[in-house]
Amino acid sequence: MKRALYILLALILISVFILYFVRKNFIQSGEIYYSTFITHKNPEDKELIFVDKNGDPFFSKTIVFGGELSLDELDNISQQFLDRRCNPKEKLNRLFTTIFIIDYNMLKEFHTGCMDNLPDNIFKRYGVYKYIIDYGNKKFVDKAILDKINYSSKIYGLQGLSNYLFGRPYGDLTINEKIYLFYKIEEKDNPQLTFEDYKTDIFKINDNSQLRLVKNKINLNQYPHITDAIIKELEEYGLDRIAHKAIIHTSFDPDAYEKVKKVLNDYFENKDPKLQSAGVVIDSSKGEIITLYGGKQENSRINRALNLKRQVGSIFKPVVYLAAFENGIKPSDIIEDKPTTFGKGKNAYSPKNFDDFYMGKTKVENALIYSLNNGTLQVALKTGLNNVANMAQKLGLEAKPLLGFCLGSGEYTVLQIAKYFSVIANNGIKKRIGFVKSIENTDNASITPLDGNEERIVSEETVKTIQEILKKVVKIGTARGTGLLKGTYGKTGTTNDSRDVWFASVYDKYVIVVWIGRDDYKTMGEKDTGGSL
């Protein structure tokens with residue numbers, strides 16, 4: 001009997017010993033998690049100042065809102081938010097709670113429901129809870145939770161959201177402004193929630209002062225489409241590589257912008273008010289965008305030059321001839337331009353020339369000068385559709401080895417077309433094209449230039465040949481009579497039913513591309529072409 005009692009006592013002692021060390025191990029895990037959690041750091045605010053080609057600032061923008069609360073900024077309003085949102089949702093098993101002697105009511109005082117990356121293992125999770133209860137600082141935990149609330153990918157923590165909405169730190173806000181701040185966080189998960197419901201039903205605060213929401217307007221953005229393009233470039237470069245305050249030196253020319261806007265506005269006078277336009281001007285020798293025009297409504301979110309892809313029609317055709325001349329075809333070679341059906345059965349394709357005009361036997365260069373669809377497809381087939389698609393890829397245009405692509409069925413942005421013509425203007429050399437010239441870090445005055453690598457993708461001989469043919473397009477072809485300066489060359493483009501009209505021109509080192517069309521894709525009229533543009 002005594003022996004059995006001793007064995008039972010020994011087993012109890014061993015169990016207690018094991019439980020002690022297991023518990024100790026889990027609490028140590030909790031300490032590690034707690035230390036990591038409360039030492040979390042948010043990014044700092046990141047402000048960018050955009051400077052034009054003359055060195056004059058034209059816009060500044062905070063693109064990352066961050067920062068952290070101080071312990072003194074924790075107040076009753078933030079506490080009520082935490083109590084409502086962050087009490088633990090997962091209740092521990094009562095038996096488990098009893099074994100480890102946890103007061104479950106104490107758990108409710110801590111907001112572990114808002115903690116991220118908690119261990120999945122219930123024992124390890126207990127260690128986190130237990131460590132916080134026994135050793136943790138509740139204010140530190142509250143602060144960490146509020147700092148880790150991310151409203152969006154560029155707004156970090158409660159302090160960041162306060163700076164974004166009001167331009168002031170959380171501690172400087174009025175009661176109503178603080179309530180509105182938490183309301184915006186809750187509204188993300190519950191779009192049906194109204195501010196008044198949140199104010200009266202959740203916080204029970206009687207404050208008769210009028211809520212005044214002041215947006216963080218650093219200054220008036222006169223050129224939203226320009227700044228869109230610059231920010232997109234910086235995102236591709238890597239915003240994390242930019243200091244929290246930086247001066248962005250750009251090639252943007254405000255005078256050129258105003259001239260482009262005036263020319264297009266004059267063109268639209270007495271025309272369909274639903275017509276839209278977009279344009280880009282590039283200095284191909286430097287790889288710099290001089291200006292970009294995203295549409296008639298300058299404050300519209302639609303940046304038609306940067307983001308809107310439309311069919312390009314014949315403006316794609318020089319790609320076919322670049323590939324052809326690179327693969328041994330000569331401008332003087334003879335082709336037969338006539339009505340032709342390419343393929344058979346379901347794959348049959350019978351394109352027509354504009355106005356049903358056919359030249360019969362003619363030189364290859366005439367097919368480009370007069371934008372002959374059937375003649376161009378004859379050249380494309382002799383060149384090889386894969387060779388045409390590969391040339392397009394080199395020029396930055398996604399394309400498939402299909403006949404339709406050779407006639408411009410692909411959809412591209414105005415900026416993409418301008419970049420492709422920049423290679424022609426730059427004698428076959430492809431450069432990085434953009435607004436951003438350099439990034440100046442105001443912390444240490446370091447300047448990072450954004451000079452891209454140069455790459456020859458087309459032989460100079462081929463490009464010179466294309467340039468001469470495109471001069472004939474302006475002189476005697478589809479762009480004749482447009483009144484362009486002597487020495488200018490370019491290409492027109494018109495899609496089916498004149499839904500889109502394009503014109504790309506090159507004068508000296510400057511590339512100008514313009515698109516006109518309707519957002520609803522309706523026709524502009526039977527006789528509207530890139531040549532008339």
Among the residues of region 413-433, the number that are among the hydroxyl-bearing types (Ser, Thr, Tyr) and either at pLDDT below 95 or part of a strand (DSSP E or B) (or both) is 0
Please verify whether residue 265 is of a type in the set (S, T, N, Q), surrounded by fewer than 21 Cβ atoms within 10 Å (Cβ to Cβ), without any contact (Cβ under 8 Å) to a residue 60 or more places away in the chain and on the phi < 0 side of the Ramachandran plot, treating the condition exactly as stated.
yes
Six or more apart or on different chains, Cβ atoms under 7 Å: show the pairs whose first residue is in region 300-311 and under 9 Å from residue 414 (Cβ atoms) and whose second is among the hydroxyl-bearing types (Ser, Thr, Tyr).
305/293; 305/413; 306/413; 308/413
Of the listed residues (351, 331), the one being modelled with pLDDT under 95 and more than 32 Å from the chain's Cα centre (by Cα) is 351
Quick one: count up the residues across region 231-255 that are in contact (Cβ under 8 Å) with a residue 12 or more places away in the chain and under 30 Å from residue 521 (Cβ atoms).
3
Taking region 359-373 and keeping only residues that are in contact (Cβ under 8 Å) with a residue 24 or more places away in the chain and not polar (S, T, N, Q), one is left with 360, 361, 363, 364, 365, 367, 368, 369, 370, 372
Restricting the search to region 286-296, which residues are part of a loop (DSSP other than H, G, I, E, B) and farther than 15 Å from residue 516 by Cβ?
286, 287
Output the residue which, of all residues in region 155-189 that are touching a strand residue (DSSP E or B) at 6+ places or on another chain (Cβ under 8 Å) and among the hydroxyl-bearing types (Ser, Thr, Tyr), is surrounded by the fewest Cβ atoms within 10 Å (Cβ to Cβ).
164
Give the residue that is farthest from residue 433 (Cα to Cα), with candidates limited to residues of region 300-324 that are more than 29 Å from the chain's Cα centre (by Cα) and among the hydrophobic types (A, V, I, L, M, F, W, C).
324
Only residues that are β-branched (Val, Ile, Thr) and either outside any helix (DSSP H, G or I) or over 22 Å from residue 438 (Cβ atoms) (or both): list them for region 219-275, please.
242, 247, 248, 250, 260, 263
Does residue 53 satisfy the condition of being at negative phi, at pLDDT below 80, basic (Lys, Arg) and not in a strand (DSSP E or B)?
no
When you check residue 313 against the structure, is it at positive phi, modelled with pLDDT of 90 or more and crowded, with 22+ Cβ neighbours inside 10 Å, yes or no?
yes
Please go through region 317-335 and pick out each residue that is in a strand (DSSP E or B) and surrounded by fewer than 15 Cβ atoms within 10 Å (Cβ to Cβ).
334
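This table checks each residue for (1) in contact with a Pro (Cβ under 9 Å, 6 or more places away or on another chain); (2) at pLDDT 65 or above; (3) of a type in the set (Asp, Glu).
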residue	(1), (2), (3)
74	no, yes, no
96	no, no, no
100	no, no, no
116	no, no, yes
120	no, no, yes
131	no, yes, no
Looking at the structure I just gave you, is residue 152 surrounded by fewer than 18 Cβ atoms within 10 Å (Cβ to Cβ), at pLDDT 75 or above and not basic (Lys, Arg)?
yes
Sort out which residues of region 350-362 are loosely packed, with under 14 Cβ neighbours inside 10 Å and not small (Gly, Ala, Ser), and write them in order of number.
352, 355, 356, 357, 361
Please state which of the following conditions residue 451 fails to meet, knowing it meets all the rest: (1) within 23 Å of the chain's Cα centre (by Cα); (2) modelled with pLDDT of 95 or more.
(2)
Within region 142-178, count every residue that is part of a loop (DSSP other than H, G, I, E, B) and within 30 Å of the chain's Cα centre (by Cα).
7
Since residue 243 meets every condition but one in (1) modelled with pLDDT of 90 or more; (2) touching an Asp or Glu at 6+ places or on another chain (Cβ under 6 Å); (3) surrounded by fewer than 21 Cβ atoms within 10 Å (Cβ to Cβ), which condition does it not meet?
(1)
Unmet requirement for residue 40, which otherwise passes all of (1) at pLDDT 75 or above; (2) surrounded by fewer than 17 Cβ atoms within 10 Å (Cβ to Cβ); (3) in contact with a helix residue (DSSP H, G or I) (Cβ under 7 Å, 6 or more places away or on another chain); (4) assigned to a loop (DSSP other than H, G, I, E, B):
(1)
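The values are calculated or read from the model by the stated rules, or taken from the named source; none is laboratory data. Just so it is clear, the structure is predicted and the values come from calculations on it, not from any experiment. Here Cβ is always computed from backbone atoms with ideal geometry, including for glycine, and neighbour counts include all displayed protein chains.
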